[in-house]
Structure formats: structure tokens, C-alpha cells
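Since the structure comes first, as C-alpha cells, the remarks are kept for the end.
The values are calculated or read from the model by the stated rules, or taken from the named source; none is laboratory data. Because the structure is a prediction, the values reported are computed rather than measured. Please note: Cβ atoms are built from the backbone with ideal geometry, for glycine as well, and neighbour counts cover all protein chains shown.
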Amino acid sequence: MFQGLSSDSGGPQITRPPPPINTPVMSRDKGWRWAPAVDLSSQQGVLREEFKRVPFTANSETSFEDKQGQFNCLCTAYSKENLVQRLANAEAAMKLCGSEEGQRLGRLLEDALAREARLWKAPVIENGQIQGTDISLVQHQEVILWLREMNAAFQFCQETYALAVCVLNRLLATVKAQTKYLKCIAITTLILAAKVNEEDEVIASVKDLLAQSGCNFSTAEIHRMERIILDKLQWDLYTATPIDFIHIFHALLLAGHPQLPQVWAGAGAEAGAGAGAGARAAQKRPCLQAELWTRQVQHCMACHQLWQCRGSTVALAIITLELETLTPDWFSVFIELLNKAKIESAEFIRCKEMVDECLSSLEVSLPANAVYIFNSTHVTEYRPSGSEAKQVSNWCRKDRHGRKRGGQKAGRRGEREADEYYDGFRCLYDGVTSEGAHGDSGSVGLTNQEACSCPPLQPHAS
Amino acid sequence: MQNIRQAATDAFHRLGLKQRHLGYEELGDGSYGETPQPHWFHTLQVRRLRVHRGRSNSDPLGGKSFQQEFQWNTGLQFGTATSYLNLEKLGEGTYATVYKGISRINGHLVALKVIRMKTEEGVPFTAIREASLLKGLKHANIVLLHDIIHTRESLTFVFEYVQTDLAQYMTQHPGGLNPYNVRIFMFQLLRGLSYIHGHRILHRDLKPQNLLISYLGELKLADFGLARSKSIPCQTYSAEVVTLWYRPPDVLLGSTDYSTALDIWGAGCIFIEMLQGAPAFPGVAEVFEQLQKIWAVLGVPTEETWPGVSQLPNYKPEWFLPCKPKQFRDVWKRLAQLPFKTEDLAMQMLLAIPRERISAQNALQHPYFNTLPHPLMQLRDTVSVFKVPGVRLEPEPRDIFSPTRRMKSSLVPLAKCW
């Protein structure tokens, strides 16, 4: 019992890639002397602004060199002339936030950061697998995407999904889990997150959820897993998710810069005729902007490159990328948030680049402008695109086959109900594959990777 | 062995407990498993005494523990059922039974909340919420969760033992409490609320039964089973929260985007109840009757007095009897006998429009609390208000356990008024 607990406090070392050599580092103790970082960030901002004005066409690539030159000139002038003005703006903005609402939000942010510092944990990646397990990055990514589908299917809110992913990652960083249990762990984290986050009238019974999810675990298996997760994480599930940070940053922005919603709405209108309705809606409900960011965060949560970044950093990166494209005055706003969130600038810059990459891959994979056209009818629920819908039906198909096998298994499983629960837990935790478990999964004709059910937990062989 | 000792030490740190026992560090392998059996009788005797006297809420033992003299079985671990001894049943709730118990690890009295496990749904959501929320909350006015015992069949939360709750306290002292004590209770209630609201947590089930009172008069928020964390944006919650008597009008009208003002209304109702000795809006079993009780004091709201009220699902003005707003002092007579700032605070907490209700943080700054010693305002979160010199409960005007005792203070005539 206690040995289990102490493993938690030790924690695996998080290996991070060394920062790029030329990354400018802003040190907070040096006050305002952040010139190199200012240059870099504002360059990106101008670059994005410039690119935005020129429509993307196939032959626009040729003009890239010209643009680079143009942009270099632009940014030197930009940074020198505007630096002083910008810093003054930043200070003014911070004063603005000294209002009561600003203070309240500041406290909220501090509290969320403290909880994140206490509970945030990322699995360590080693040779393309999560350290100490046989779970590959692809499998992990798949299961996170699957959770998002399930979250939508169960009609839980996005916070629930984010919490489930945080709990899942924390668990994978804490215990050595095997691939065959991954799906069972994942669905259990979602059920746990729903119990924490959803109103009880929203949560269907575990049995119905399982039936809907199309995986043929028994409720007993889920409950056993639930107990293991709660024990391993010491019942401390209430962490701060990236979505929480999006909401807090969003509220801070609105409190400090009431003009921003109009800017967002204006940008929406610029983006095209189709977005007109969205822009009008955005004026009515500034929450739409947060909705957009929430979607982007959800996408980033599935990118394994971003696991090593804290939720607060990812959230700020997403917001900054958006602000850069929309607001000429983004820098002061950004500095204000960066200061408040006490995020290391080197880490932030690295994270921002990865988020940018991650989001641009999203833009490529979806129809043009899919993310930025805002149709308010789509906001409240997440609808899977065509390919995802196919995946869902695949799961359903698996379900039908799976359930027959599940029926056979259920009898045997029933006999094992009396197993010590720690036996199952030992299998999970020691990372030792017991012979019996292997034989079992083999007998139902599924390889570990395909297995959509968690094989019955078995006593340790030795 | 080393591991277990190390882990036990860790567990102590985790729980923020001091290691009270000198013997603890020196314990070698040999002394392991020796149960200091005779000591149990001592403790149980002591406990009996405490029960007899404890009802008066003025424990002459002053909470001094006897543990220093005894060595407890330090071989026992947290997280196992054998480490605790059930003493008596204290009460039964909707999803749990609470027992008084004693920790065999350190001899502390504890409250054991044995949660019924539903075979179909696994761990109840109330338990998961309560535990995961309380894990992040450390405050003198929030009940402390010591330990969780989770086995196949049962789930038990081990809380610090607190002698009574506000409902029992008010039953014991009928006819309204000493206004001085009300001020101390209210300060602690708002202090606890301000803390959880600062951590963006809504309690959502404030009622006297859920406010524990120690023999010193320390008030602790308990039962976070319905509580939930609140994120900033436009999220909606269940309207089926809070016992009807303490549910605010906006939620009664079907609003689901409530916020911290929800708890403030409940606290306001409790404020009136402590002063008056009777619930503020009592005795009905249905939403519209409950609303009618509230309108009888605040007046039926209109679109002019409460912009947006007509949009709420249950707003049906034709169903309400016409009522004019009344002075609180005319409704609750006790307020008329107290300085105006008491009524003013009550009015600010019991405003119909949720966003106009005073926040817990601001309520603590209200002139009503000016008469309390100043250092109270600067206390650290984990420090009890009773650590401040001069803060202590005064005797209540009436006590059903000692009916012959009569207070000579000016409070007695007040108590007779109604």
C-alpha cells in the first residue's frame, strides 16, 4: 500500500529536449529588458499579418523570398518604433486588470496554476513508447481521439473530456500499464471524469455508457479499474485542465480589454461571407471565441508532441497564436498573460511552435477554413467529420462481434469475481504479463492490439 | 519494515498531522504488533466522560488530548479498516451512515462516514466529488478529510470528529442564539465560503445540518457531496440543488447558470435562522409555495425590479399572490432589536437578483463584523478564529439540557418576546 504511494511521490523524471540554441530567453528577474524575445515574437506577428493579407494560392509560394525580405525590414521598424509604446500599453493593461474582477480572476488563475503544479504529470516517452509500458504513441493518441468521440457520444461537456485525458495521462505517468488495459483505463477515466464534472441527471448508468461505447467490458471490470485509479491517484482527481486555463485566460482578456470581442468579430467578418453570421454571433456571445479555442485545445490534447507541455502553456500558446493574427496590439496583451501565468518563456516559445504545427496540420486535414468559419449551431456539440463517423461505425461493428465473445467470457469472468482485487492491480502495476492473461486473450482470437475488451484480470502467475 | 515506517511518516506529512508520539520514532521491529490493550479502557472511559459533558458544548477538557501519555499502536496503517474502531452511530444520510470512531493509530476521535456502494454504479459520484474537492481544500472552516478506506465491499471516509452541528446546536438552544455567537458563526461561515468560492467551488447544499460546530464554537463546512467546481463560462448546472428552504429564488425560478450567489442566499437564510430560532422560509414541500414564502418578504419581482426575470422558466406572475416588499425587521422581529447593520447584512445576502447579492469576501468586510477583534481579518487560512485572543462563545440564553439555568444578561427578555 505505502510502497505504492511512495512510487508516486518519487515520480519519473521528465526528460525534455534541450532548448534550441538560439532561443532567446526572457528572464523575469531582468524586468523589461527582453529585447531579443520581443523581436522574435513581433516578427512572427508581422509575418502572420502579412501572410493574412495575401490570399493563399498555389503560386504565392514563389513570392516567399520577397516576403521574407519585406518582412525583415518591416519588423525592424516595427520593433524599434513600437517597443516603448507597447511596453507602456502593457503596463496600462496590467493596471486595468487591477479592478475587482481582475483580482478575482487573478486568484482563480493562481489557484488553477497551483493545482496544476501539484497534480500535473506527463508520461515519459522512450523509444516511441510510454516509458515502462508497451503502449506506443500511436495507440495512446488513438485512445485519446476515441475518448473524444465517446465524450461527444455521451453528450458530456468538453471539460469532462479534458479532465479524463488529464487523469489518463497522470495515471500512465504513475503506473506501468499494459496496452491491453489501455482502453479499459481510458473509458474508466471518462466515467470518473463524468462523475466529478457532470450533473448526476446527465450521467447515464455505467451499463448504458458501456453499451453505447461499444466496448464489452463488464461493469465489474470498470468498477475494479475505478478503484485502482482512485487508489493510485489518491482520489485527487480535481486537477486544472487546459480548458480551464482557456476559460480563465479568456475571462482575463475580456476583463482587461473589453474592445477585443469587436476585434474578433471584425476578423471573422473579414474572413469571408460565410463567417458573417458567426461574427454577429460572436458579438452577442463572446464565449464563441473561447469555444473556438476550446476546440483547438482538444485537438492539441491528442498531439503527443504536446504532452510534455503543461495545460496552462498550451492554452496560452493557442490564445497567443490567435491574438497575433487578429490584434495589432497583441504583444502587450500576451505579456500580461505570460506574466500572470508565470510561464517560462523558453518553454512557452517551444510549446507555441509545436501548437502552431499541430494546428496547421488540423487546417490541412480539414476542408479549407473549417476551423475559422463559425456556425453557431455547431458550437454546442462536436460532430465527427465523415472519416470519424466511419470510425464510429467501425467501433459499433466491433461491438456486435465483441459482445458474442463477451457472453462466453462473462461466465468465466463471474467465477473470478472473487479474486483479490490487488491481483488485478498487480498485473497492471508490475507491468508483468501473466501467462494466463496471454492465453486468455489468445483464446478469443484477438491480438492485444485489436482487443477491444480488457482481458479478465488474472492473478499473478508466479 | 523500514518502508512501512517511512511510508507512515509520509502519510503523516500528507495529512498534515504532527507526530505526537515520542515513542513513534524509536519503535523497533520487536515492539511491532503489540497492542497496548489496557489503554483502550482508559480512552473509552475518557470518552464516556466527554459524552456526558460534551452536550453543553463547553468542554472543560479544552480539547486537550490524552495521547501524550499513551502509546498507540503505531504499526497500524492509514487506509485500512482495522486502524479505526467504531464507537457509536451518529447519523444516517441519503448515501452514507456516519459513525463516531477512534483512530487506533493516534487515538484521535474521528467521524467515519461509511458510504453505501451501489453495485451497478461503482463509487457514487457524491463520494468522488467530496473526496477530490476536499483534497484541495485546507482551511480552518472546512471539515478535514483524514483518510479513505476503500475495499471491495465498502468505502469509508475518515473525517476529523466535530462534536455537533448547527441544526443540533439550535435545537439545544431554542428561541434564537446569542447575537454575539451568531456573529462568530456567521464570520466563520462566510470565511469558509469565501475560501471555497476563491477556489471556484460551489457548495450547493448549505443548511444547518451541514455546518459542524466544535465544542469551542468552530464552524466547519461539511458534506461536499453536491458541491462542484465551477468554470467561468456559460455552463449550466442542475436546478435541483439545495434543500428547498435554502434555495434562492433565481434557482427556484429554474435558472441554471447560477454562481457563488447561490451559497450566499443559503448563508443568509441560516443567518436569519440563527437569530430568529426558526427557519427563514420554512415548511413547504413545493417550489411555488417556496417562492410564495420568499415573495411574501421580498415582493413579487417584475421585469422592472428584476430585469430578465420573465425569461426564467418557472416565472408565472399570474400564479403568485400579489405581495409588496416588506422590511426585514417587520418579518423577523429579532432584527428590530439589534443594530441596523445586522439587518443590512441580511438584506444584502437575501437579494432576489443573484448578481446583486453580496459576495462572501465583501460580506466579511461588512460593518456588522466591525466589533470582532481586528486580527481576525488577517488570519491565515488554516488558523481557527478562536486562536485570536478574546474570541470565544458566550453562553446561550436558553439551553434545553439545563433549563433551570437562567442568564442574567439582557438577552433573556429578548428570548421571551417570541
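Taken over segment A:223-256, the criterion of being within 7 Å of chain B (Cβ to nearest Cβ) and either in contact with a Gly (Cβ under 8 Å, 6 or more places away or on another chain) or part of a helix (DSSP H, G or I) (or both) is satisfied by A:H223, A:E226, A:R227, A:L230, A:D231, A:D236, A:Y238, A:D244, A:H247, A:I248, A:A251.
Among the conditions (1) at the interface with chain B (Cβ under 8 Å from one of its Cβ atoms); (2) surrounded by 20 or more Cβ atoms within 10 Å (Cβ to Cβ); (3) of a type in the set (V, I, T), A:T219 misses just one, which is (2). When B:G122, B:G136 are screened for being within 13 Å of chain A (Cβ to nearest Cβ), closer than 30 Å to B:H199 by Cα and touching an Asp or Glu at 6+ places or on another chain (Cβ under 7 Å), only B:G122 passes.
Being hydroxyl-bearing (S, T, Y) and in contact with an Asp or Glu (Cβ under 8 Å, 6 or more places away or on another chain) is a condition met by at least one residue of segment B:308-326.
Within the bounds of segment B:358-380, is there any residue that is among the hydroxyl-bearing types (S, T, Y), more than 25 Å from B:L166 (Cβ to Cβ), loosely packed, with under 14 Cβ neighbours inside 10 Å and in the same structural domain as B:R398 (by TED's automatic domain parsing)? For segment B:358-380, residues among the hydroxyl-bearing types (S, T, Y), more than 25 Å from B:L166 (Cβ to Cβ), loosely packed, with under 14 Cβ neighbours inside 10 Å and in the same structural domain as B:R398 (by TED's automatic domain parsing): absent.
Return a yes/no flag: does segment A:307-317 have any residue that is modelled with pLDDT under 80 and either closer than 25 Å to A:R115 by Cβ or among the aliphatic types (A, V, I, L, M) (or both). Yes, because at least one residue in segment A:307-317 is modelled with pLDDT under 80 and either closer than 25 Å to A:R115 by Cβ or among the aliphatic types (A, V, I, L, M) (or both).
Among the candidates B:S384, B:S402, the residue that is at pLDDT 90 or above and either of a type in the set (S, T, Y) or surrounded by 14 or more Cβ atoms within 10 Å (Cβ to Cβ) (or both) is uniquely B:S384. Does B:T236 satisfy being under 30 Å from B:T342 (Cβ atoms), surrounded by fewer than 23 Cβ atoms within 10 Å (Cβ to Cβ) and modelled with pLDDT under 85? For B:T236, the condition - under 30 Å from B:T342 (Cβ atoms), surrounded by fewer than 23 Cβ atoms within 10 Å (Cβ to Cβ) and modelled with pLDDT under 85 - is not met.
Of the helices (runs of 4 or more DSSP H) lying entirely inside segment A:99-183, those containing at least 2 residues that are more than 18 Å from A:A302 (Cβ to Cβ) and in contact (Cβ under 8 Å) with a residue 24 or more places away in the chain are A:100-119.
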